[in-house]
1. Using protein chains only and a probe of 1.4 angstrom, how many square angstrom of residue 11 are accessible, to the nearest 10?
2. What trypsin sites (Lys or Arg not before Pro) in the stretch 152-256 are in a loop by DSSP, with at most 10 other Cβ atoms within 10 Å of the Cβ?
3. Largest first, how would 357, 80 line up by accessible area (1.4 Å probe)?
4. With +1 on each Lys and Arg Cβ and -1 on each Asp and Glu Cβ, and nothing else charged, work out how big the dipole of the chain is about its Cα centre, in Debye to the nearest 20.
5. Quote the relative contact order of the chain in percent (integer), defining contacts as alpha-carbon pairs under 8 Å separated by 6+ residues.
6. Output ³J(HN,Hα) for the stretch 115-127: one whole-Hz value per residue in order, computed from phi by the Karplus curve 6.51 cos²θ - 1.76 cosθ + 1.60 with θ = phi - 60°, and x for Gly and Pro.
7. At a probe radius of 1.4 Å, what is the per-residue accessible area of residue 443, in Å² to the nearest 10?
8. Can you sort 450, 344 by 1.4 Å-probe accessible area, starting with the largest?
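The values are calculated or read from the model by the stated rules, or taken from the named source; none is laboratory data. Computed from a prediction, not measured in an experiment: that's the story for all the values here. Reconstructed Cβ throughout: ideal geometry from the backbone, glycine too, with neighbour counts over all protein chains shown. Just so you know, the surface numbers come from the protein's heavy atoms only, side chains and all, with ligands and any DNA or RNA stripped out. Shrake-Rupley method; radii C 1.70, N 1.55, O 1.52, S 1.80 Å.
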Amino acid sequence: GSPDYRDSGLEFGPDFLFGTATASYQIEGAATEDGRGPSIWDTFSHTPGKVWNGDTGDVADDHYHRWEADLDLMVELGLEAYRFSIAWPRIQPTGRGPANEAGLAFYERLVDGLIARGIRPIATLYHWDLPQALEDEGGWTNRETAYAFADYARLVGERLGDRIDVWTTLNEPWCSAYLGYGSGAHAPGLMDGAKALAAVHHLNLAHGLAVAALREVVPGDPKFSITLNLHVIRPSGDTGHEAARRIDGLANRVFLGPLLDGEYPADVIDDTRAVTDWSFVKPGDTELINQPIDLLGVNYYSTVTVRMWDGATPRVNADGHKDMGGTAWPGADDVEFLEQPGPYTAMGWNIDPSGLEDLLVALHEAYPNLPLMVTENGAAYDDVVTEGPDGRPVVQDDDRVDYLRRHFTAAHRAIARGVDLRGYQVWSFLDNFEWGYGYSKRFGIVRVDYDTLERLPKASARWYADLIRDRRIPA
Ligand code: PNW
């Protein structure tokens, strides 16, 4: 049978980089401070009906003001790396033009603060907070946004270039394109399959142009990367393989193809002919996208199970996405996403650590010379605060510890099978603004009290600290 992934005592090498991840809009707050312009997530979260409970990132974890104490807490936990994102509208409030000095200065303080504490900075240039002014001109459906992104990357690279270990261009362009422009679950909330596919291409192009720009201005030998949320797809029944090919195309190969192989997969273009003619791809684009990269970031949470819909019985659609009326799968509305076997996290996502092992091994087999990093993995649970033996509050999040233990074990098994895995960033350092779910879903290994903004490391944070100290999965 398949392993239960609860092995303890497995050892990680001395260079394996243990850390946590966050994103600017999810933690910073200070939404109008120091010249920050509005992003599509400000607009979206302030639009009634888009985010649970009307929650916004206006204050979030107030990390913009509390960053120093947050970094001290990372030291206390022994974290070796920190994956954070830079808010484009802090650097360029309207997405174009000269850099806003106060915005650059914030990230310079943060990065210098990390380095002073011996924590390695992993910077993401785009974790979904597009300047609203660019969305007003079409956002990611507009080719110009890709060029604007490269200009922004250059501004940040010129200032911080010598101090960042890993530069990541985009976080999960799948979400930006398909949830932002297709399903409507994410900002800007459009529901148009053709726009979603145009966004896919312009995000790919933005990545390529940004890597080229960064290489020009960044000294030394940092790593350039992109982070994808590749889908691990389990086929069901006779039609499962056809359904899996279709979803693999839209979710995975439409990114991996141009990024790493220099071309779009022909079957994806065929599958989506009724949605778009792909005329947004211009001659030379795939060469621009296909820049050499040094590392691929992998975000992993769950798996999907698919088959083709028979057209008669009610179509199952348990793909785990908030239903706003659009579709995250342009041209694949005849694919069914089946209910997954449990157990589930508080997101309703099924827990399957074998998916992480499978994904890492498959990527290594397809791209043997490309080092990998888990740039996100973690779980939301309905944490409860209780009184500890000494009368102080504790969060005994054993379910999250178990989730992390199994996924670290899966990663270890992948390494044992030859995968060049360089590190693991747990999502997330802090409870934070979970996009359409607002503050209702808690992913942190550190609890945030949203009344007082106090931080409280959960049992999972202590468990992780032990793992990092011993470089072994604790018993
Ligand atoms: C990722 N989906 O988001 C993001 O990179 C994080 O910002 C986020 O907080 C984390 O995972 C947990 O959700 C996703 O619907 C959001 O498939 C939605 C999906 C996938 C990833």
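1. Around 100 Å² of this residue is reachable by solvent.
2. Working: sites: 154, 159, 163, 195, 215, 223, 245, 246, 253; in loops: none.
Taking the stretch 152-256 and a limit of 10 other Cβ atoms within 10 Å, no loop trypsin sites (Lys or Arg not before Pro) are found.
3. On the way: 357 5, 80 40 Å².
Correct descending sequence by accessible area is 80, 357.
4. Numbers: 42 positive and 73 negative charges, 106 e Å.
In debye, rounded to 20, the chain gives about 500.
5. Working: 1024 pairs, mean separation 91.1, N = 475.
Computed value for the chain: 19 percent relative contact order.
6. 4, 4, 9, x, 9, 7, x, 10, 9, 10, 7, 9, 10
7. For residue 443, solvent-accessible area is about 10 Å².
8. On the way: 450 65, 344 100 Å².
If we order 450, 344 from most to least accessible, we get 344, 450.
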